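Here the structure is laid out as structure tokens; the discussion comes afterwards.
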Amino acid sequence: MKLNRFAQFGAVAAVAALALAGCASNEAPAGSGGDSSSSTGTLSGNLVGGGASSQEVAVQTWTAGIQTANPELTVNYDAAGSGAGRESFQEGAFAFAGSDRAFKTDEIEAGPFGACAEGSDLVELPTYISPIAVVFNLDGVDSLNLDPATLAAIFAGNITTWNDPAIAALNSDVELPSTAITAVHRSDDSGTTENFTDYLFAAAPSVWTSEPDGVWPLSGGEAANGTSGVISAVQGGQGTIGYADASRAGELGTVAVKVGEEFVPYSPEAAAAVVDASPEAEGRAATDIAIEIDRTTTAAGAYPIVLVSYLIGCAEYEDEAAAANVKGFFSYAASEEGQDAVAAAAGSSPISDTLREQINTAIDAIK
């Protein structure tokens with residue numbers, strides 16, 4: 001068993017997922033901590049959302065908490081991927097979406113958004129902050145150091161064996177085999193992919209020339225559906241490498257990426273450091289809080305391959321019950337209690353008090 005100090009994330013997340021899956025739709029495990037929900041006991045009916053698979057464990061954890069406090073409320077979340085979540089939200093099939101990126105401004109302008117009242121602004125809240133782990137399966141190797149150019153060359157298909165001189169030069173103390181590299185990417189439209197390719201494009205532009213996109217831009221490699229699919233493909237092969245939300249890394253080998261002059265492994269603290277150093281996107285509604293991650297930071301201890309996953313809803317709903325339920329669910333997700341519960345379950349980085357205050361102001365606008 002690997003003793004990587006972050007290996008517990010996947011195991012804890014899996015246990016949380018199994019425990020929650022075993023609960024009835026309007027029940028939660030004892031001690032799930034829903035007592036401080038801002039809407040204790042007042043919510044009822046069905047709240048349907050879906051999207052990012054990266055935050056599936058987070059949504060399950062928030063669901064347990066909010067349903068403990070509101071036993072008449074049922075929350076259903078389809079972890080079909082960020083692209084599917086945004087599309088279904090736009091079509092009005094979901095009252096809220098989870099997405100590993102915010103809507104782009106041209107997408108907002110194009111509209112419409114089926115669940116929202118006409119002319120409503122969007123509410124986009126960065127409630128789940130987590131590193132994207134670069135995971136691999138290579139016998140006898142638990143961790144590797146890679147710089148942006150080498151990592152980009154691996155996923156571009158330019159480096160094809162594990163004992164390539166570029167990898168060996170960064171890992172002089174590791175005995176690397178001549179095993180062929182199989183790079184695994186998402187087959188679905190994924191915010192995780194968009195965040196990962198955004199990092200490659202910003203940090204290694206001479207190697208990775210494809211612009212960031214939720215759809216994998218290159219041929220070759222192995223495609224897998226969703227976060228679970230990528231993890232399964234990496235686990236099931238030898239010489240495989242992929243990228244996934246860090247909560248799912250489990251006992252796979254992981255990469256420390258070069259930032260400035262140091263190699264930084266992923267961690268909640270390292271993810272928080274890069275988010276704190278990144279600006280907010282301009283030209284959006286006050287309820288639309290989108291973060292522009294600084295992928296090329298040289299800040300000490302910052303891990304730049306990070307996703308900020310959003311809960312997305314409407315500032316104004318056509319349906320009064322939907323507005324109340326979304327508002328209550330978002331409030332619990334952003335609360336200190338909700339953030340701490342997800343940090344324990346998924347290894348995410350709790351939002352800062354400053355960001356929480358801004359998020360709560362946006363939630364208050366929901367009607």
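The values are calculated or read from the model by the stated rules, or taken from the named source; none is laboratory data. These numbers come from a predicted model, not from an experiment. Positions of Cβ are backbone-derived with ideal geometry, glycine not excepted, and every protein chain shown enters the neighbour counts. Surface areas here come from the heavy atoms of the whole protein model, side chains and all, with no ligands, DNA or RNA. Shrake-Rupley method; radii C 1.70, N 1.55, O 1.52, S 1.80 Å.
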Report task. Among the residues of segment 163-196, write down those that are part of a helix (DSSP H, G or I) and within 19 Å of V207 (Cβ to Cβ). Result -> P165, A166, I167, A168, A169, L170, T193, E194, N195, F196
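Here is a yes/no grid of residues against (1) within 19 Å of E316 (Cα to Cα); (2) of a type outside the set (G, A, S):
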| position | (1), (2) |
| --- | --- |
| T42 | no, yes |
| Q55 | no, yes |
| T68 | no, yes |
| V75 | no, yes |
| G83 | no, no |
| R86 | yes, yes |
| G92 | yes, no |
Report task. Name the single residue, out of those in segment 43-79 being under 16 Å from A324 (Cβ atoms) and among the aliphatic types (A, V, I, L, M), that is surrounded by the fewest Cβ atoms within 10 Å (Cβ to Cβ). Result -> V48
**Report entry** Residues (surrounded by 17 or more Cβ atoms within 10 Å (Cβ to Cβ) and either in contact (Cβ under 8 Å) with a residue 60 or more places away in the chain or aliphatic (A, V, I, L, M) (or both)) located in segment 221-235
**Finding:** G221, A224, G226, T227, V230, I231, A233, V234
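Where in segment 245-343 are there strands (runs of 3 or more DSSP E), lying fully within it, with 2 or more residues that are farther than 22 Å from G83 by Cβ and open to solvent by less than 20 Å² (accessible area, probe 1.4 Å)?
253-259
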Query - Positions within segment 344-367 being assigned to a helix (DSSP H, G or I) and of a type in the set (S, T, Y), in sequence order - result: T354, T361
Query raised in the report: Quick one: would you say A166 is open to solvent by less than 40 Å² (accessible area, probe 1.4 Å), under 26 Å from G81 (Cα atoms) and of a type outside the set (V, I, T)?
Result: no
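Is there a residue being closer than 17 Å to P268 by Cβ, touching a Ser or Thr at 6+ places or on another chain (Cβ under 6 Å), of a type in the set (A, V, I, L, M) and in contact (Cβ under 8 Å) with a residue 40 or more places away in the chain anywhere in segment 313-331?
There is no residue in segment 313-331 that is closer than 17 Å to P268 by Cβ, touching a Ser or Thr at 6+ places or on another chain (Cβ under 6 Å), of a type in the set (A, V, I, L, M) and in contact (Cβ under 8 Å) with a residue 40 or more places away in the chain.
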Query raised in the report: Has segment 236-243 got any residue that is in a loop (DSSP other than H, G, I, E, B), open to solvent by 30 Å² or more (accessible area, probe 1.4 Å) and either under 18 Å from A84 (Cα atoms) or aromatic (F, W, Y) (or both)?
Result: no
Report task. Please identify the pairs in which a residue from segment 333-359 that is under 18 Å from V274 (Cα atoms) has its Cβ atom under 6 Å from the Cβ atom of a residue that is basic (K, R) and in a helix (DSSP H, G or I), counting only partners at least 6 apart or on another chain. Result -> none
Query raised in the report: Across segment 80-89, which residue is farthest from S99 (Cα to Cα) among those that are open to solvent by less than 30 Å² (accessible area, probe 1.4 Å) and either at pLDDT below 95 or of a type in the set (F, W, Y) (or both)?
Result: F89
Report summary line: Within segment 197-214, residues part of a loop (DSSP other than H, G, I, E, B) and without any contact (Cβ under 8 Å) to a residue 40 or more places away in the chain come out as P205, T209, S210, E211, P212, D213
Query - Scope segment 138-163; condition among the hydroxyl-bearing types (S, T, Y) and open to solvent by 60 Å² or more (accessible area, probe 1.4 Å); matching residues - result: S143, T160
Report summary line: Those residues of segment 218-232 which are out of contact with any helix residue (DSSP H, G or I) (no Cβ under 7 Å at 6 or more places or on another chain) and either of a type outside the set (S, T, N, Q) or part of a loop (DSSP other than H, G, I, E, B) (or both) amount to S219, G220, G221, A223, N225, G226, G229, V230
